Structures are given as C-alpha cells and as structure tokens.
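The values are calculated or read from the model by the stated rules, or taken from the named source; none is laboratory data. Predicted, not measured: the structure shown is a model, and the values here were computed from it. Backbone-built Cβ (ideal geometry, glycine too); neighbour counts: all protein chains shown. What goes into the accessible areas is simple: the full protein's heavy atoms, side chains included, and nothing from ligands, DNA or RNA. Shrake-Rupley method; radii C 1.70, N 1.55, O 1.52, S 1.80 Å.
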There are 2 protein chains.
Amino acid sequence: MCGTESPASINRGSLPSVNGNGTRSPTCSSDRVLNLEQGDPSVFQSYWSKMEDKCTMVISGSQLMSYISDFTTLCWFMEPEFQEAVRRLHRVVGNAVVDDRYIVVGTGSTQLYQAALYALTSPGGPEPVSVVSAAPYYSAYPEETDYLRSGLYKWAGDAYEFDKNGTGPYIEVVNSPNNPDGTLREAVVTNRGDEGKLIHDLAYYWPQYTPIIRPADHDIMTFTFSKSTGHAGSRIGWAVVKDKEVARKMSKFIEMSTLGVSKDSQQRAAKIMGVICDGYKNFKSDELFFEHTRRVMAGRWERLRQVIDRNQVFSLPKYPKQYCLFSGELIEPYPGFAWLEAKEEEEIDSQKVLRGCIKVQGRTGSRFGVAQKYIRVSLLSNEEVFNQFLERLSTIKSMSSNGH
Amino acid sequence: MCGTESPASINRGSLPSVNGNGTRSPTCSSDRVLNLEQGDPSVFQSYWSKMEDKCTMVISGSQLMSYISDFTTLCWFMEPEFQEAVRRLHRVVGNAVVDDRYIVVGTGSTQLYQAALYALTSPGGPEPVSVVSAAPYYSAYPEETDYLRSGLYKWAGDAYEFDKNGTGPYIEVVNSPNNPDGTLREAVVTNRGDEGKLIHDLAYYWPQYTPIIRPADHDIMTFTFSKSTGHAGSRIGWAVVKDKEVARKMSKFIEMSTLGVSKDSQQRAAKIMGVICDGYKNFKSDELFFEHTRRVMAGRWERLRQVIDRNQVFSLPKYPKQYCLFSGELIEPYPGFAWLEAKEEEEIDSQKVLRGCIKVQGRTGSRFGVAQKYIRVSLLSNEEVFNQFLERLSTIKSMSSNGH
C-alpha cells in the first residue's frame, strides 16, 4: 500500500492547497492536491470565452426586481424567456419530449430533486415513502433525502436490494447517464402497480456525454444548466413534468424553499441556450457547442484509456456504441466522470491511495453505495488540471506496493 | 356587509386580471384586482431607473461558471465581493454588528430561515424542537417550518402562548420590525437556560422603514436584498452569525438544499450595494438611497393615515418616534405593510370585504395567527397601484353595510 496517511474524509476548507499530511512522499510530482472530487464543469469555459460577445448578459439596476414573473402560470416565478429557451433547446437536441409538458425552474437540479420528492409524497401518510436508486447511485441522493428527517420520505438505499426485499410505496430515482458510472439506465424495481413512482435525473443526457438514443419521455425529468452548458455557478435547473398537479406541487415546494429562483440567472441561462440554438439554426459558428464539447470529451477519454491500459492498475467501464439521433452517427459515451475500479485487491481504499500517492482527490465508491475499491474522478476540470491528472495517474504502477 | 362573494383563498393563477366573481358590484372603481397580498418591492424601482448606468451588471459567457467561490472559507459558495459588500453596507448603515461575525449567503432569507432551523436542531433528538414567534407573526413561518414534516423541528405557534404553556426545547423567531405590524420587537419567551435559541429576522431593519435604534447584535440575524434595496427577483439573502459551528451548519444546509447560491445574483447584489455605499462616501448623488426611499415611504404613510382617519373604518398601529442613529434624528417608523384593523365588528373578515368591495387583495389576519378583522396590505407597490389603492380605500365608508 502506497502511503499511510489518513486523508479519508476531505475537509473542503483545506483545498486546494493541502496541509502537511499530503507532503510526506517526496516522489509525489507536486505539492498541490488536484481536487477532482466535485464535478465542476470548467472544461467548457474555453468555448464560452470564444463566444463572449454573443453571450454577454447586461442587467440594469432597475430590471428583474419583482418576485413575480407571470402570475397567470403555474410556475409563477419562471421567466417566460427561460421557459421558451428550455423548450427550444430540447427541440434542437431531441433529448426530451417537451410538447404538452410543464416546465418548472429550480435552483439547480438539487432543488428540483427535493421538489419532486415533495410533490410525490405530500401531504404524506403515517410512514415516510422509501426512496431508492440502483447502486452505484449519485452520492448526494442519500444526504439530500434525509438531512431534514422528513416524515414524507426517507432514503432506502440500493434499488436492487429494494426490489428483492423492500415493501410498501417507493420512489425510484433513475439517473441516466448514471453518475458515477456513465451507464444509460432504466428503472430496476419491478413494477408494483400504484406503489412505485419514478424521478428521472437526466443531468448528463446531452450529446457531449452520451449518444441521444431517443427523446426521453418520463413523468418527471430533471436537467441542469451546470452540466448541459457548464454554468454551474448560476444554480439553474429545470424539470419537464407530465402531470399538472405534480408540476404545481413542485412549484409550491420551490416557493416554500426559496420563494422562487434567481431571475438574473434565469435570463442568463435563456441567453446562453439561445446562442447555442442560434448556432444550430444558422450553422455560422466555427464549431457548434455540442460538437466542440463532444470532441473535447472524446479526446480526454482516449488519453485516459491509454493511461489506464498502460498501467493495468485500474479498469474502466466499457460502453457500447449506440446510434445517436442528434449526430446521426454510431458513437460512444464519454461520461463526465471516470469510474475507476482497482484491479488488484478487493479491500483496497482507492480514494486513500490516490490521495496519498499522487495527490488526486476523488470520491470513494462507498459514497455511491459500493466498495471503496471504486473511485469517481471528475473529467470536467480545465485542461491544465486534466493534463496534471493524467501525468500523475501514469506514475502509479501498483496499488499494493509503494512503487509509483 | 358589503358583497357576498367568497374570494377567500386567493388563486394566484387568476391574478391580476380577475374572473367573474369580482365584477358583481358596478360601483367598484375598476375591474382589475389590486394585488397587495405579497410585498413585492416595486416602490424602489424608480430610484434604480435613475441610477442605471452605475448599477448595470455585465457578465460575459465564460464568467462565474464554477460551483465554487472560495474553498478555503466556511461558506465556500459565497462570492468574496458579495461578503465584502454586505459588511460594508452594514457598516455604512450601522444596523448590525459585523466585525468578528460570519456571513452566510442564501437564496433569499426564506432559505436562511430554514438553514438556521437546521443549524440549531441537527442532528436532532427524539422529538422535534418547537418553533415559535409572537403573534401576529410572519405568515410564511408556519408553512416553511412544517412543509417537509421534519423530525428536527415543528411549528408551535404564538410565542406568548408557548411562554405560558409550552415546555421543552424551542426556537423563537424574532422579526423586527415585525411583518405584518411593523413593531420593533424583542424575544418574548422567558429565558429558560439552554432550552431556548433565537433567530432574528431583520429583513426590514433598514432606514427607509424604521429608526435604526442600535447596531443589532444577536446570535443569528437574517437580512434580504429584496427588502433592503428592493431586488426581490435576485433571491439573495444573508445571515450574520456569531458562532462558527452554526454558520458552518447553515452553509451545509444551503449546500444540501441548492448546492450554493446564484453567483450572477451575488455579484449583482455586490454591485448595487457598492453603489449605495459609494453614494454615502462621496455624497455626490442627487439623493442618497435611504434618504430617497424613506421620503417616499413617509409620504405614503402620511397619505394613508389621512384616508384612514377620514374613513373611520380601520385603525392603524401607532408607532413611537425614536432616535435613529443613521439619520441622527428622532423619526417615525414607516413599515412596508399597512396592518389594518376593522374597527366596527369583531367577527368581520376584512380580506373578504376589501376584495369584494374595492377589489384590493390583502392577506387576512388569520394567516398571521390573529383574528380576520386584521388585514395586511403591501405599501411597496409602484406609485400607480398605490394611488389606486388609496383611491379605492377612500370609498369605503363602512364595513358592515353595503355603502361605499
């Protein structure tokens, strides 16, 4: 085992410059920890730098001051321009059915996930409804479900387990492509009549990450500005919802949670989505957004697979090629995270080893409901950090010895 | 009783153009319902229109893209410029102690209220902690406390009642100046050692609404961009917190709730607060923000009191003059809401009467934990709506007959 430090749970306050613990091994290529634990989408920034003039948002001091956007609509705090831009973007990409569907804006998809739980469970019965997702599941679901100890719903873990042994009403969250492992997914709990409800978290169902195999058409689908265009700092997400009452309850949740959603950011999102769509309408851009970002992600995956193949320390999931309706080609998925599995030892703590040996901070498999030999590493960093990551990763020759 | 319609609970979807119910009486001055139920702060818009050049926010397509603002700080999603602007504004106004205090940014003070409840109660004991506030209390507290049926905390109503009959751990929310009635307040539950904790909601503790009688210095104080400058659409609030662990937990709540707060809006808030503070530094503005807005509010209150005195149908609270540290004068409060009490009858439903007779939509006293002869009406509308409101109000001669 390389290194004996115990960096286990990361203290965000100590990043990115790391304290004494991490500086023990003189062969580590740099003193700076590469924080690849979160999925901060810096990779797309260079594209937007080239588009600055078109995307610049200007807001005068007296604009967007009201709580209200349109009191005649169900989601009264949603800017009409935002709703229009969302519908247009989905029509251009073809990744979701939006005709005859309700749109609900949220403060990122994090808030919309909770809004959906509320909408599907309130006013609530004597027991909280079980919330499940197939392991490995997105690490934030358990915490976001349970932090308030709600009487409406409770986290009940792996959907496969629930399918075998669980009883009673449940909500299954289907994350597709799945964070952390990038697979396209469907619900796994066997249909039980009225007992089960579904939330589809489609944050990564965009052409830079995956083939668009069909226009998704589920009861509740959530998306986010963070992963579609890379604008995480704006905290904008949206849901596409079939049922009016569910959409109304989700809006009510957001009203009670934050009394609406930043209009400044809604307008900025509308503008940026508009620029993407205009590009596809006019074909005037040097390189269109999804083509550019897909090319970048493809390049990263190719280089990553080379390092992984050479090292023989980790394995990566294999993804089948599928026909993409958006590009009209048979293409591979290029997920936003590398889901690494240590080959050598069942019991190894990959997060600890990567942090100790090469000062790369990923997120351990145990946070996703699986073994700690798995680790999730973000591939969405800027180019410099990504290059550093590959350089450091290539120095690991074994997980169980100190040779790297 | 004037009118027999039952507009009782307002359907937001039907505002501002009203349906058949409201058009019965031909003497009502207009068919349009004046929605003065929410406190949308449109009154300040004209000031910002004059300041447009100075306050214009410009954001290029590649700015503010990251989730992270500063990972070395406790509230890692808070823009440093925002924090600086908040501290500066409080120093200029003198309404809160900010030295050696933590600042936590939130998606409006709505989110910060819930963050404070979480911070004061997690991980939680066997029973939820009682949350109380002296009646009449802000109508959103009960709903925001109970909508998720949290096991950490539960709404327990009027703090005066709790003081008499309540037992166990509690949180008292002190809203000062109080929404709806504009009074300056202190905690009312008698100190019980370690059992009680306080949240001070100081949304209206700004010079346009109230004399600044001292720099507030409480454990947790929440403020909002919506009421300080009138920018409700940006959904920006902040808390000033004494205890580091409480501030850390509040930040953690916001991370789990919305994974941060719109950076676009944080930067816009910082800019606008900066313009206000620059004004007081340079004294170059024609009229400085708080002087202007106080003058407008004073004018509205003077005209409102004239109508109320003439009608003899409602009474308004009387507020003592107090010395204001900010202006250096003995001044009256000019709250953002009129808290009207029908004089004639104990059992009257003022909301129903105002809606039926003059098509003014206020919020009934029963939402604030008191009798429905009380009604809260926003005084923060734009000038045209405010004038219409006074005009319509002056036509009411009696609550119990149909004469108006």
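Sum up the charges of everything whose Cβ sits under 14 Å from the Cβ of A:Arg235, counting Lys and Arg as +1 and Asp and Glu as -1, but leave A:Arg235 out. Kindly include the intermediate steps, with their values, before the conclusion.
Working: positive: A:Lys227, A:Lys263, A:Arg268, B:Arg235, B:Lys263, B:Arg268; negative: A:Asp40, A:Asp264, B:Glu79, B:Glu255, B:Asp264.
Residues close to A:Arg235 contribute a combined charge of +1.
Please give me, ordered by residue number, the GluC sites (Glu not before Pro) of region A:234-288 that lie in loop per DSSP and have at most 12 other Cβ atoms within 10 Å.
A:Glu287
Set Lys and Arg Cβ to +1 and Asp and Glu Cβ to -1, take the dipole of region A:61-281 about its Cα centre, and tell me which of A:Val93, A:Leu202, A:Ile212 lies farthest positive.
A:Val93
Check which residues have an amide H placed less than 5 Å from A:Cys324's amide H, if you skip close sequence neighbours.
A:Glu329, A:Leu330, A:Ile331
What is the distance in Å between the Cα centres of region B:115-193 and region A:291-308?
Each part's Cα centre sits 53 Å from the other's.
Which distances in nm, rounded to one decimal and ordered from shortest, link the label point of A:Asn387 to the equivalent label points in the other identical copies, with labels set 7 Å from Cα toward Cβ?
Ordered by distance, the counterparts are at 6.5 nm.
So, R0 is 22 Å and r is the distance between the beta-carbons of A:Lys54 and B:Thr56; what FRET efficiency does that work out to, to 0.05? Each step should come with its number before you reach the end.
Working: r = 18 Å, r/R0 = 0.84.
Approximately 0.75, to the nearest 0.05.
Counting only protein heavy atoms and rolling a 1.4 Å probe, how much accessible area do B and A lose on contact, total for both sides, in Å² to 100?
Buried: approximately 5900 Å² between A and B.
What order do you get for B:352-358, B:269-275 when each peptide is scored by the mean count of other beta carbon atoms within 10 Å, highest first? All intermediate terms of the calculation are to be shown ahead of the outcome.
Values: B:352-358: 24.9, B:269-275: 22.7.
Highest-to-lowest ranking by the protection proxy: B:352-358, B:269-275.
How tilted is helix B:80-93 with respect to the longest principal axis of chain B? Cα atoms for both, answer in degrees (0 to 90, nearest 10).
60 degrees
With the full set of protein chains in place, find how many percent of the accessible area of the protein assembly as shown is carbon and sulfur; take the probe as 1.4 Å.
48 percent
Expressed in nm to one decimal, what extension gain is obtained for the pair A:Ser315 and A:Asp99 from 0.36 nm per residue of sequence separation less their Cα-Cα distance? Walk me through the intermediate numbers first.
Working: separation 216, 0.36 × 216 = 77.76 nm, distance 4.14 nm.
Full extension from A:Ser315 to A:Asp99 adds 73.6 nm.
Rounded to the nearest 20 debye, what is the charge dipole size of region A:61-281 about its Cα centre when +1 sits on each Lys and Arg Cβ and -1 on each Asp and Glu Cβ?
Result for region A:61-281 is approximately 520 debye, rounded to the nearest 20.
Round to the nearest 0.05 the FRET efficiency obtained for B:Asp146 and A:Glu143 when R0 = 22 Å and r is the Cβ-Cβ distance.
Calculated transfer efficiency: 0.55.
Which of the listed residues, B:Thr167, B:Ile375, B:Pro128, is farthest toward the dipole's positive end in the protein assembly as shown, when Lys, Arg count +1 and Asp, Glu count -1 at the beta-carbon?
Positive-most Cα among the choices belongs to B:Ile375.
Considering all projection directions equally, how large on average is the shadow of the alpha-carbon convex hull of region B:214-272, in square nanometres?
4.7 nm²
Which value, in debye to the nearest 20, describes the size of the charge dipole of chain B about its Cα centre when Lys and Arg Cβ atoms bear +1, Asp and Glu Cβ atoms bear -1, and nothing else is charged?
560 debye
Measuring nothing but label to label, 7 Å from Cα along Cα→Cβ, what are A:Asp243's distances to the other copies in nm, shortest first?
Label-point separations across copies, in nm and ascending: 4.1.
For B:Ala216, what residues show an amide H to amide H distance below 5 Å, using hydrogens built from the backbone and excluding near sequence neighbours?
Under 5 Å from the amide H of B:Ala216 lie the amide H atoms of B:Ala96, B:Val97, each far enough along the sequence or on another chain.
Quick check: net charge around B:Glu332, other residues with Cβ under 12 Å of its Cβ, Lys/Arg +1 and Asp/Glu -1?
+2
In deg cm²/dmol and to the nearest 500, what is the mean residue ellipticity at 222 nm of chain A if only DSSP H runs of at least 4 residues count, each as -39500 (n - 2.57), divided by the residue total?
-10000 deg cm²/dmol
Treating the angle as unsigned and between 0 and 90°, give the value, to the nearest 10°, between the Cα long axis of helix B:289-311 and the longest Cα principal axis of chain B.
So the inclination is approximately 20 degrees.
Can you list the lysines whose alpha carbon sits under 26 Å from that of B:Lys343, skipping same-chain ones fewer than 8 residues off?
Leaving aside lysines fewer than 8 places away in the same chain, those within reach of B:Lys343 are B:Lys318, B:Lys321, B:Lys352, B:Lys359, B:Lys373, B:Lys397.
Bin width 5 Å, alpha-carbon pairs only: give the P(r) of region B:102-204 as whole percents, running from 0 to the bin holding the largest distance.
2, 13, 25, 26, 21, 10, 2, 0
If one computes the Cα centroid of region B:34-68 and of region A:326-404, what distance in Å separates the two points?
Measuring centre to centre over Cα atoms gives 43 Å.
At 0.36 nm per residue, minus the direct Cα-Cα distance, what do A:Arg32 and A:Glu287 gain on full extension? Give it in nm, one decimal, please.
Values: separation 255, 0.36 × 255 = 91.80 nm, distance 3.42 nm.
This chain segment gains 88.4 nm when fully extended.
Taking θ = phi - 60°, what integer Hz values does the Karplus form 6.51 cos²θ - 1.76 cosθ + 1.60 yield along region B:157-165, in sequence order, with x for Gly and Pro?
x, 5, 5, 5, 4, 5, 4, 6, 10
Measure nothing but the geometry: give the 0 to 90° angle between the long axis through the Cα atoms of B:108-121 and the longest principal axis through the Cα atoms of chain B, rounded to 10°.
Roughly 60 degrees between the two axes.
Simple spin-label model, 7 Å along Cα-to-Cβ: A:Asp70 to B:Lys343 in nm?
Placing both labels 7 Å beyond Cα along the Cβ direction yields 4.5 nm.
Could you compute the net charge surrounding A:Phe253? Neighbours are other residues with a C-beta less than 14 Å from the C-beta of A:Phe253; K and R count +1, D and E count -1. Can you show the working numbers first?
Details: positive: A:Arg248, A:Lys249, A:Lys252, B:Arg149; negative: A:Glu144, A:Glu245, A:Glu255, B:Glu143, B:Glu144, B:Asp146.
Overall, the nearby charge balance is -2.
Per-residue accessible area for A:Phe225 at 1.4 Å probe radius, Å² rounded to 10?
Answer for A:Phe225: close to 0 Å² accessible.
Can you give the charge dipole size of the protein assembly as shown about its Cα centre, rounded to the nearest 20 debye, using +1 on the beta carbon of Lys and Arg and -1 on the beta carbon of Asp and Glu?
Using only the charged Cβ atoms, the result is roughly 920 debye.
If packing is taken as the mean number of other Cβ atoms within 10 Å per residue, what is the order of A:379-386, B:374-381, highest first?
B:374-381, A:379-386
Check B:Ser66: other-chain or 5+ apart residues with amide H under 5 Å from its amide H, H built from backbone geometry?
Residues meeting the criterion, in which the H sits 1.01 Å from N, are A:Gly233.
Starting from the Cα of B:Tyr323, step 7 Å along the direction of its Cβ; do the same at B:Glu391; then give the gap between the two resulting points in nm.
4.4 nm
Just the ratio, please: alpha-carbon radius of gyration of region B:67-281 over 2.2 N^0.38 Å, N its number of residues.
Dividing the Cα radius of gyration by 2.2 N^0.38 Å gives 0.98.
How large is ³J(HN,Hα) for each residue in region B:376-393, as worked out from phi by the Karplus curve 6.51 cos²θ - 1.76 cosθ + 1.60 (θ = phi - 60°), to whole Hz, x for Gly and Pro?
Residue by residue, region B:376-393 yields 9, 10, 5, 9, 9, 5, 6, 4, 4, 5, 4, 4, 4, 4, 4, 4, 5, 4 Hz.
Output, in nm with one decimal and in ascending order, the distances from the A:Lys321 label point to the matching label points of the other copies (7 Å from Cα along Cα-to-Cβ).
8.5
Want the number for A:Asp217 to A:Lys164: 0.36 nm per residue separation, take away the alpha-carbon distance, what's left?
16.4 nm
Peptides B:179-185, B:303-309: what's the order by average Cβ count within 10 Å, highest mean first? The partial results should precede the final answer.
Numbers: B:179-185: 21.4, B:303-309: 15.3.
Highest mean packing first, the order is B:179-185, B:303-309.
Can you list, bin by bin at 20 Å, the percent of alpha carbon pairs in the protein assembly as shown, starting at 0?
Bins of 20 Å from zero give 15, 46, 31, 7, 0 percent of pairs.
From the backbone phi of region A:262-279, what are the Karplus-calculated ³J(HN,Hα) couplings (6.51 cos²θ - 1.76 cosθ + 1.60, θ = phi - 60°) in whole Hz, Gly and Pro given as x?
For region A:262-279, the Karplus-derived couplings read 2, 6, 4, 6, 4, 5, 5, 4, 4, 5, 5, 4, x, 5, 4, 5, 4, x Hz, x marking Gly and Pro.
Tell me, Kirkwood radius of chain B from alpha-carbon pair distances, in Å?
Averaging 1/r across every pair of different Cα atoms and inverting gives 22.3 Å.
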